[in-house]
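The values are calculated or read from the model by the stated rules, or taken from the named source; none is laboratory data. Keep in mind it's a predicted model, so treat the numbers as computed, not measured. Backbone-built Cβ (ideal geometry, glycine too); neighbour counts: all protein chains shown. When the accessible area is computed, the model is the full protein with side chains, heavy atoms only, and any ligands, DNA or RNA have been set aside. Shrake-Rupley method; radii C 1.70, N 1.55, O 1.52, S 1.80 Å.
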Number of protein chains: 2
Amino acid sequence: MDNGFELGAWVQKLYMLSTSDHASVVSMNLFVALLCGCIVIGHLLEGYRWMNESITALIIGLCTGVVILLMSRGKSSHLLVFSEDLFFIYLLPPIIFNAGFQVKKKQFFRNFITIMLFGAFGTLISCAVISTGVMLFFKNLEIGYLDISDYLAIGAIFAATDSVCTLQVLSQDETPLLYSLVFGEGVVNDATSVVLFNAIQSSDLTTIDPTIALHFIGSFLYLFLASTLLGVLTGLLSAFIIKKLYFGRHSTDREVALMILMAYLSYILAELFYLSGILTVFFCGIVMSHYTWHNVTESSRITTKHAFATLSFVAETFIFLYVGMDALDIEKWRFVSDSPGTSVAVSSTLLCLVLLGRAAFVFPLSFLTNLTKKSQNEHITFGQQVIIWWAGLMRGAVSMALAYNKFTTSGHTKLRPHAIMITSTITVVLFSTMVTNPVF
Amino acid sequence: MDNGFELGAWVQKLYMLSTSDHASVVSMNLFVALLCGCIVIGHLLEGYRWMNESITALIIGLCTGVVILLMSRGKSSHLLVFSEDLFFIYLLPPIIFNAGFQVKKKQFFRNFITIMLFGAFGTLISCAVISTGVMLFFKNLEIGYLDISDYLAIGAIFAATDSVCTLQVLSQDETPLLYSLVFGEGVVNDATSVVLFNAIQSSDLTTIDPTIALHFIGSFLYLFLASTLLGVLTGLLSAFIIKKLYFGRHSTDREVALMILMAYLSYILAELFYLSGILTVFFCGIVMSHYTWHNVTESSRITTKHAFATLSFVAETFIFLYVGMDALDIEKWRFVSDSPGTSVAVSSTLLCLVLLGRAAFVFPLSFLTNLTKKSQNEHITFGQQVIIWWAGLMRGAVSMALAYNKFTTSGHTKLRPHAIMITSTITVVLFSTMVTNPVF
């Protein structure tokens, strides 16, 4: 990675041959080399408490962005155009599946109701607070025209916490209760945000209709139950096939391949039926680790455990590397450079609203949960509430994907208010990740 | 997979929404479900000597092709358009890497010179025989206009043996000498065919020039040495990094991720420098299994061994499933249906030439090799020569990919002679795989 001269030549080539296949080979090379670099540097920085793989990948991504920006003479900063498909079809499923596969099931199910409260109601409260706040404050900020569905979409975008990052800041072994609460909330939250976002996109919001709320609650319940059921059924089916046919007799590879393929199948089946793939693959992971995993040979057990973790790890690093690189995309900042003040104001307003929106549900809902628990030991203490509040502040890949979906057309931003929203999302993601992480 | 009605509805949808994202979700679902089906059925048929995973996948692919063809009312038979990128960038590297990773190194290097003779010279002889034969016989077959570069390209296409299939018919444990010879030849052959094909594509063949041969030999030697060196260096680098930094101390996942990423990096680096990625990733696999693998923790060792085998297994099944499905693509057979006699004549001519071309180098080169060996024990017996001749007859994914590259434009075939060449390639691939396999 120290061959600066060749890199320059490559990047030049990248622009000369931007239509050819070779250009994509060049970007893939750089990207894979950067991923290797992230792993090595992440390992070297292991000792430092305030660094982790996500921040390393973000910083390496930012640096690469600067280098590419300089070498392409300000034309571009990233190697790949952000594709929602790439994220939702290839990178997210292994991360969420692995989370379900490795989650401590006892803790998770003991706190199931609290998790659901936080994940579903909490996200709604958070979205409502952010949308209202944005409507009140943005009028004074001269951004340009945004309509009511834009405001609600902004609420949904910034109500999506980053379950990927959460996995890295809390330790499952040291603080099992907090981990299961915050992570479980993150998974349900992912689903809620996506549902909310789609509901907002597809509803006609020009007329206010009380049945919309009912309709929304109904579709959320259907989505949650159907997705969970699909995940559980696929997981059980894989356990049944592997136990019944006794694959291990002949081949470890078939067992491993079948587990991976069926896990992935659960995710894309959910997408096929317009359900929440995230919820489905999460519950499929739980069922697979509880049933399927105990029916395979010893070497399959070791292989799947580490292979799933590795896939998830690479996907996470990939996302953060990409977000870092994309943060400098010149096209989006062009609109902002005329009025840096506005951009700073928008980003800080959003950050404050995120803080407020999260506080607005963590403390009241924790209070409600504590009321239902008889034993003092099971209460969520105020200190724990603060950690839950803080740990869920990070905004990550889901927010980015939703913002790109809402405010860009095939990767490009044309309108000024939309460009400002994209750059603000990037700022909030970078800031919240960099600031929230090191505290732990 | 027994929900025939829903399948019908899905396929209908596929055509209604052929431009939308949901269509690709539908095809992915079907494809992943079919892959699972292949694994389960392949396991159930394990006892039968004349069946293996490749044939199962081919037959399932053919059946699915028929179903889709009927349901789409004769419009199409496949779910995905064949993409060379998909094949060369995602499916081939894990297969070849795994072959290098699992190959018995002692046997391979003991027979290195014989393997090189077969793989490099043999392929040239085979290509020359096929090209000459095609030039002589095709004139009488009323196919349409093909020029000299087309004839040479056909020679290169049908000189490419299928190293993937070879892995399944010979057992490394039972016949180590034959396995190493045939498989080693297959890997070198892959590289030679691709080089040959590219040389033919890029040369001006209207004027005959004796320096072309010299130029070709020079570029082949450069390609072979540079590709091998790149693979060895990347493998050694990975071993050095993992040993030096002692990754296993902290995390198995990082070791596994780094091995996978660096193996893949070697392949795309080779593509970047226009080398043979197949050779590079094969030697990278050998070096990694010899050095890197011994420096990682026990669980990383188990994980990588099985994870690589699983990836390779899934990629192979994917290819055969696809080839089976694509075999019925109606667009290509339309031109042929006017003159079924011509098509049969072309395919059988090609099959005979493949048999002849392989005989033309296996027996003479084996004779030459035997001359250099002093001990009678090291000689390749006539029976073994026949097995080598027969086992390398299969034509597979590389032939398909080269034929698509030469005779189609972004997946579609317009000219009659080109369509005939594509259908003949499919026929030869299906026939050679189905007939050659069961003999073992």
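Taking the stretch B:388-400, which residues are aliphatic (A, V, I, L, M) and modelled with pLDDT under 85? Quick ask: steps written out before the conclusion?
Keep residues of the stretch B:388-400 that are aliphatic (A, V, I, L, M), which gives B:388, B:391, B:393-394, B:397-398, B:400.
Those that are aliphatic (A, V, I, L, M) and modelled with pLDDT under 85: B:391, B:393, B:394, B:397, B:398, B:400.
What residue, among those in the stretch B:373-402 that are part of a helix (DSSP H, G or I) and free of Cβ contacts under 8 Å to residues at least 24 places away in the same chain, is surrounded by the most Cβ atoms within 10 Å (Cβ to Cβ)? Outline the logic, then answer.
Here is the first cut: in the stretch B:373-402, the ones part of a helix (DSSP H, G or I) are B:376-378, B:382-391, B:397-402.
Keeping just the survivors that are free of Cβ contacts under 8 Å to residues at least 24 places away in the same chain gives B:376-378, B:382-383, B:385-386.
Details: B:376: 8, B:377: 6, B:378: 14, B:382: 10, B:383: 8, B:385: 19, B:386: 13.
Applying the filter and picking the extreme gives B:385.
Go through the stretch A:286-320 and count every residue that is in contact with a Phe, Trp or Tyr (Cβ under 7 Å, 6 or more places away or on another chain), more than 13 Å from chain B (Cβ to nearest Cβ) and surrounded by fewer than 24 Cβ atoms within 10 Å (Cβ to Cβ).
Adding up the residues that qualify gives 1.
Checking residue B:261 against (1) hydrophobic (A, V, I, L, M, F, W, C); (2) more than 10 Å from every other protein chain (Cβ to nearest Cβ); (3) out of contact with any Pro (no Cβ under 7 Å at 6 or more places or on another chain), which test does it fail?
(2)
I need the full set of residues from the stretch B:264-274 which are of a type in the set (A, V, I, L, M, F, W, C), surrounded by fewer than 24 Cβ atoms within 10 Å (Cβ to Cβ) and more than 7 Å from chain A (Cβ to nearest Cβ), in order please.
B:273
So residue B:354 passes all but one of these: (1) closer than 30 Å to residue A:298 by Cβ; (2) open to solvent by less than 40 Å² (accessible area, probe 1.4 Å). Which condition number does it fail?
That leaves (1) as the condition not met.
Does the stretch A:321-329 contain any residue that is surrounded by 18 or more Cβ atoms within 10 Å (Cβ to Cβ) and within 14 Å of chain B (Cβ to nearest Cβ)?
Scanning the stretch A:321-329 turns up at least one residue that is surrounded by 18 or more Cβ atoms within 10 Å (Cβ to Cβ) and within 14 Å of chain B (Cβ to nearest Cβ).
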